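The values are calculated or read from the model by the stated rules, or taken from the named source; none is laboratory data. From a predicted model like this one, the values you see are computed outputs, not experimental measurements. Neighbour counts are summed over all protein chains in view; Cβ atoms, including those assigned to glycine, are modelled from backbone coordinates with ideal geometry. Side chains included, ligands, DNA and RNA excluded: accessible areas come from the protein's heavy atoms. Shrake-Rupley method; radii C 1.70, N 1.55, O 1.52, S 1.80 Å.
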Amino acid sequence: MKKVSESRRSFLKKGGMLAAAAPAAASGILLGTPATASAAPMLMTSKVAPLPKAKGPRVVVVGAGTSGLSVARGLKRDNPKFDVVIVDPRAQYQSCFCSNLWYGDVVNMEYLANHGYCDAGAAIDYIFFQAACTGVDFDSNICYTNRGEIKYDFIYMAPGIDYDYTRMGVNDPETEYYIRMNYPGGWVMPTEQVSVRNKIQGFTGGVFVVTSPSGNYRCLPSPYERACVVAGWIKKNKIPGKVLLLDMNPDITIKAKGFHEAYNQLYPDIVEYVSSAGIKGIDPWKKEIKTEFKTYKFDEMTLYPGVRGGYLFEQLGMVYPESQQKEANIDAHTYNLKKGDKKIHNAFAGGDSRWMPFSKSGNTSQTEGFHIAKLITAAEAGKTIPYKSPHTVCYSMVNYDPLQAIYVSLHYAYDKKKGMWQFARVQEDDNRDAAKAARYLEWGKDMYRNMFT
Ligand SMILES: Cc1cc2nc3c(=O)[nH]c(=O)nc-3n(C[C@H](O)[C@H](O)[C@H](O)COP(=O)(O)OP(=O)(O)OC[C@H]3O[C@@H](n4cnc5c(N)ncnc54)[C@H](O)[C@@H]3O)c2cc1C
């Protein structure tokens, strides 16, 4: 592996993922334009959503991703009387986690997508309502959707993330949409995954660029794992090409030893790793990426721009004031949504939209979701329960022939004196092996089982 560090100065403080993941005010990260909390008008349809009458306290869950599905599952387990309605415009689930494995033909599409909202709704006894939430009236307890209003007793919001291209110097819609269509990253919409797979499996040679953004982006190890998928594909198919991994961070943000070893030992002539690559602009027509110091040419690319919280919170004027990634204004210990400093007692939010510097990952969202279900159950009973940290578990496949993976597991603890979140109970295993590869596949299946059955 060729390793280059581009920049004279680091934008991120060294010292682990939390530094990289912390809100900008605490970590010194430069993330682009500051967050604004101005509310846009809500889209109301003035009609009631065509739903069966609530049979118990109604909980509306906005977003049927890892977080929303886990909360819904947990709610029905903790209190079957809850009448749960999940609102999402997507008709079909297709998981983001494990998608790198599909690109390398380790799993098939059935593994990622053979999980139906209807089957889950019928088995778990909730309603999947295919609609987009367009606003919420927190005083009248109404969730507005493009298919009508839903009155709720509790609401849980988990719309995930969106991309922020400005963080890579892309400020005009023409360039942004050309990149979105031609060089998607595969970190938000399932349809992007189809393009990414076609790019990797159709690659005929030259320079394949993979980027890793700065800030607390979704699934910290996933761009480094992506570099391994592409490199593994090049190696297996003897393609005359290389992977140029442009990392906006000063070093690999997690499982660094395991990834560096994989690049050095498995792909020495294939992966070129460039750290502190301060991407300042992209010309997708000329196939050029400009950093602070250099312009790189590419033949193929999957671009991971910066991330930001789902647009819904900005529209609602509920962005956490210190979040430069426009994440939701949540009470970090109770998960109540906040308007300014005021907690809304029956509104909660979590998943990758949260501002807290936890790993934006599936296991984190799922364990957090089960806890949030208990918080809502307790709130309905007029009780409170103690804080519980989410659990981050993350495998990364670094070798595709034979299959070998690396692993990390950690929790989070709030240090009151320092006023910041820290890692707790960290277990990192950077020795790649087949046993962890097998556990990775089982972990994915467990995640689906926990959400859909
Ligand atoms: C390539 C890749 C690899 C990954 N690898 C791992 C891994 O190894 N381990 C791991 O733990 N995690 C991994 N992850 C991360 C994991 O998939 C995410 O962190 C997790 O799914 C986040 O859950 P979420 O519910 O917050 O967001 P999502 O799962 O994105 O769900 C958000 C949902 O909200 C819906 N929504 C948005 N706006 C609205 C609206 N207005 N109204 C209604 N619904 C709306 C969306 O349609 C979407 O269905 C990976 C992700 C990627 C992309």
The strands (runs of 3 or more DSSP E) lying entirely within the range 381-453 that contain at least 1 residues which are open to solvent by 60 Å² or more (accessible area, probe 1.4 Å) are 403-415, 420-433
Assess whether residue 178 counts as being in a strand (DSSP E or B) and either under 26 Å from residue 362 (Cα atoms) or in contact (Cβ under 8 Å) with a residue 60 or more places away in the chain (or both). no
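Any chance you could count how many residues in the range 295-328 are in a loop (DSSP other than H, G, I, E, B) and in contact with a helix residue (DSSP H, G or I) (Cβ under 7 Å, 6 or more places away or on another chain)?
Counting residues in the range 295-328 that are in a loop (DSSP other than H, G, I, E, B) and in contact with a helix residue (DSSP H, G or I) (Cβ under 7 Å, 6 or more places away or on another chain) gives 8.
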How many of the residues in the range 254-273 are in a loop (DSSP other than H, G, I, E, B) and at pLDDT 95 or above? 5
Sort out which residues of the range 298-329 are open to solvent by 20 Å² or more (accessible area, probe 1.4 Å), within 17 Å of the chain's Cα centre (by Cα), of a type outside the set (S, T, N, Q) and more than 22 Å from residue 155 (Cα to Cα), and write them in order of number. none
Filter the range 143-180 for residues that are among the polar types (S, T, N, Q), open to solvent by 10 Å² or more (accessible area, probe 1.4 Å) and either within 9 Å of the ligand (Cβ to nearest atom) or farther than 30 Å from residue 300 by Cβ (or both) and give the result. 146
Among (1) on the phi < 0 side of the Ramachandran plot; (2) modelled with pLDDT of 95 or more; (3) of a type outside the set (Asp, Glu), the one test that residue 326 misses: (1)
Verdict on residue 95 being in contact (Cβ under 8 Å) with a residue 60 or more places away in the chain and surrounded by fewer than 24 Cβ atoms within 10 Å (Cβ to Cβ): yes
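Using the structure shown, decide if residue 183 is away from the ligand (no atom under 11 Å from the Cβ), on the phi < 0 side of the Ramachandran plot and open to solvent by less than 30 Å² (accessible area, probe 1.4 Å).
So residue 183 fits the description; yes.
Across the range 64-115, what is the number of residues that are in a loop (DSSP other than H, G, I, E, B) and within 14 Å of the ligand (Cβ to nearest atom)?
Applying the first criterion (in a loop (DSSP other than H, G, I, E, B)) to the range 64-115 yields 64-65, 79-82, 88-98, 104-108, 114-115.
Subsequent filtering for residues that are within 14 Å of the ligand (Cβ to nearest atom) retains 64-65, 88-98, 104, 106-107, 115.
Here the count works out to 17.
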Exception for residue 365 within (1) within 14 Å of the chain's Cα centre (by Cα); (2) part of a strand (DSSP E or B) falls at (2)
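Filter the range 132-142 down to the residues that are surrounded by 22 or more Cβ atoms within 10 Å (Cβ to Cβ) and either within 9 Å of the ligand (Cβ to nearest atom) or of a type in the set (Lys, Arg) (or both) and list them by number. Don't jump to the end; show me each part of the working.
Start the filter on the range 132-142 by keeping residues that are surrounded by 22 or more Cβ atoms within 10 Å (Cβ to Cβ), which leaves 133, 136.
Selection gives 133 alone.
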Identify all residues within the range 330-356 that are open to solvent by 10 Å² or more (accessible area, probe 1.4 Å), aliphatic (A, V, I, L, M) and in a strand (DSSP E or B); write none if there are none. 344
Residue check: is residue 218 within 15 Å of the ligand (Cβ to nearest atom) and either open to solvent by 10 Å² or more (accessible area, probe 1.4 Å) or modelled with pLDDT under 95 (or both)? yes
Out of (1) within 13 Å of the ligand (Cβ to nearest atom); (2) under 28 Å from residue 105 (Cα atoms), the odd one out for residue 410 is which? (2)
Scan the range 190-245 for residues that are outside any helix (DSSP H, G or I), in contact with a helix residue (DSSP H, G or I) (Cβ under 6 Å, 6 or more places away or on another chain) and among the charged types (D, E, K, R) and jot them down. 218
Look through 270, 254, 282 and report the one residue that is over 22 Å from residue 403 (Cα atoms) and β-branched (Val, Ile, Thr). 282
Here are some conditions: (1) over 23 Å from residue 63 (Cα atoms); (2) touching a helix residue (DSSP H, G or I) at 6+ places or on another chain (Cβ under 8 Å). Residue 391 meets all but one. Which one does it not meet? (1)
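Okay, residues lined up against (1) among the hydroxyl-bearing types (Ser, Thr, Tyr); (2) under 13 Å from residue 304 (Cα atoms):
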| residue | (1), (2) |
| --- | --- |
| 190 | no, no |
| 194 | no, no |
| 199 | no, no |
| 205 | no, no |
| 218 | no, yes |
| 232 | no, no |
| 246 | no, yes |
| 267 | yes, no |
Number of the exception - residue 66 against (1) under 14 Å from residue 451 (Cβ atoms); (2) touching a strand residue (DSSP E or B) at 6+ places or on another chain (Cβ under 6 Å): (2)
